[in-house]
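Novice: Okay, here's the structure, questions in a sec.
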Amino acid sequence: MRTALILAALLALLALPARAETVSVPSLDRREGQVLPLLGHWLPAQGQAGPRPALVLLHGCGGAYDRGGRLSQRMRDYTALLNGEGWHVLVLDSLTPRGERELCTQKTGQRAVTMTNRRRDAQGALQWLAARPEVDAARLALLGWSNGGSTVLAATNLRQDEVKTWPLKPRAAVAFYPGCESELKRGYAPSAPLLMLVGAADDWTPAAPCEALARDGADQQQQRPRLVSYAGAYHEFDSDAPLRLRAEVPNGVHPGQGVHVGGQPEARARSRVELLNFLREQLQ
């Protein structure tokens, strides 16, 4: 299994955009007491002079690649969008270095890669970016989808003891359709301005806990998270794929009955506007 995963990762490297650089990003997580090197794909903005803002892109439970082993369409699309603003991008792969291909079919609470692992990965990626001369270490951001969106929340919550002690904090954070239950229960004290973009009809990571987090779950002494909810939109509303049922997913609002995923054109277009407006405001 591990050999097959390594082969898949190598094939993914061959399918990356020509200007992408494959890099090793040390996680703050440890494996048998040793630093865990993550697989990163560095895609800098072209033709930009001086240190520029940079974002860490955090994949969902399906990983950073498509079925053909290429960097996923989502990661390529958003990289092009962000590079077009003059911002550098680091796509982080938290699964392959741990011998995993996907987490979506693993039950919540039994997943091989935990939120603690991913939270530490995110902080390691921020530190890697801050050390690069072409990056403005004061203008870093986290951007994640689904499980990666949950990672954004966990990595920016000052109620997490580790987050509180980390010297490096992002300037901004964006989470597409995250699972919000854990941070809502813990209480959320944001270390950076947060934008959450959710689908009102999402039956995988429902909108209600995120709405509660934005409304009254956040620490009153901190800036409230900003939330935008799209009526009739399901999980992965920002894709261009048709709506379908993923019966193999054991989690969600109705465990054992599957979850719906698929794009909604209006939500897809509006969420990109919200994303760019928020990041322009925070990273200026």
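Novice: So which of Val152, Val163 ends up being among the β-branched types (Val, Ile, Thr), within 12 Å of Leu58 (Cα to Cα) and touching a strand residue (DSSP E or B) at 6+ places or on another chain (Cβ under 8 Å)?
Specialist: Criteria check complete, one pass: Val152.
Novice: Just the residues that are modelled with pLDDT under 95 and among the hydroxyl-bearing types (Ser, Thr, Tyr), please, taken from segment 91-112.
Specialist: Thr108
Novice: Quick check on my filter: what residues within segment 83-119 are in contact with a strand residue (DSSP E or B) (Cβ under 6 Å, 6 or more places away or on another chain) and either farther than 29 Å from Leu276 by Cβ or free of Cβ contacts under 8 Å to residues at least 40 places away in the same chain (or both)?
Specialist: Selection gives Thr96, Pro97, Asn117.
Novice: Within segment 129-141, take every residue that is buried (at least 18 other Cβ atoms within 10 Å of the Cβ) and closer than 10 Å to Lys169 by Cα and give me the one that is nearest to the chain's Cα centre (by Cα). Before you say what the answer is, go through the steps one by one.
Specialist: Pass one, segment 129-141, residues buried (at least 18 other Cβ atoms within 10 Å of the Cβ): 129, 135-136, 139-141.
Right, trim to closer than 10 Å to Lys169 by Cα and you get 139-141.
Values: Arg139: 17, Leu140: 14, Ala141: 10 Å.
Top of the filtered list is Ala141.
Novice: Sort out which residues of segment 52-73 are more than 15 Å from Leu38 (Cα to Cα), in contact with a Phe, Trp or Tyr (Cβ under 7 Å, 6 or more places away or on another chain) and buried (at least 21 other Cβ atoms within 10 Å of the Cβ), and write them in order of number.
Specialist: Correct list: Pro53, Ala54, Leu55, Gly60, Leu71, Ser72.
Novice: Which residues, counting only those in segment 226-265, are in contact (Cβ under 8 Å) with a residue 40 or more places away in the chain, among the hydrophobic types (A, V, I, L, M, F, W, C) and closer than 27 Å to Pro190 by Cβ?
Specialist: Scanning segment 226-265 gives Val228, Phe237, Val253.
Novice: Moving to a separate point now. If you take the residues of segment 180-190 that are touching a helix residue (DSSP H, G or I) at 6+ places or on another chain (Cβ under 6 Å) and surrounded by fewer than 24 Cβ atoms within 10 Å (Cβ to Cβ), which of them is nearest to Val261 (Cα to Cα)? Write out each step before concluding.
Specialist: Of the residues in segment 180-190, the ones touching a helix residue (DSSP H, G or I) at 6+ places or on another chain (Cβ under 6 Å) are 180-181, 183-184, 188.
If we keep only those that are surrounded by fewer than 24 Cβ atoms within 10 Å (Cβ to Cβ) as well, we get 181, 184.
Values: Glu181: 20, Leu184: 24 Å.
That would be Glu181.
Novice: Somewhere in segment 258-268, is a residue more than 19 Å from Gly179 (Cβ to Cβ) and surrounded by 18 or more Cβ atoms within 10 Å (Cβ to Cβ)? Talk me through it step by step, then tell me what you get.
Specialist: Looking only at segment 258-268, we keep the residues that are more than 19 Å from Gly179 (Cβ to Cβ), and these are 263-266, 268.
Among the residues that remain, those that are also surrounded by 18 or more Cβ atoms within 10 Å (Cβ to Cβ) are: 264.
Taking every residue of segment 258-268 in turn, at least one turns out to be more than 19 Å from Gly179 (Cβ to Cβ) and surrounded by 18 or more Cβ atoms within 10 Å (Cβ to Cβ).
The values are calculated or read from the model by the stated rules, or taken from the named source; none is laboratory data. What you are looking at is a predicted structure, and each value in this text was computed from that prediction instead of being measured. Cβ sites come from the backbone with ideal geometry, for glycine too, and all protein chains shown count toward neighbours.
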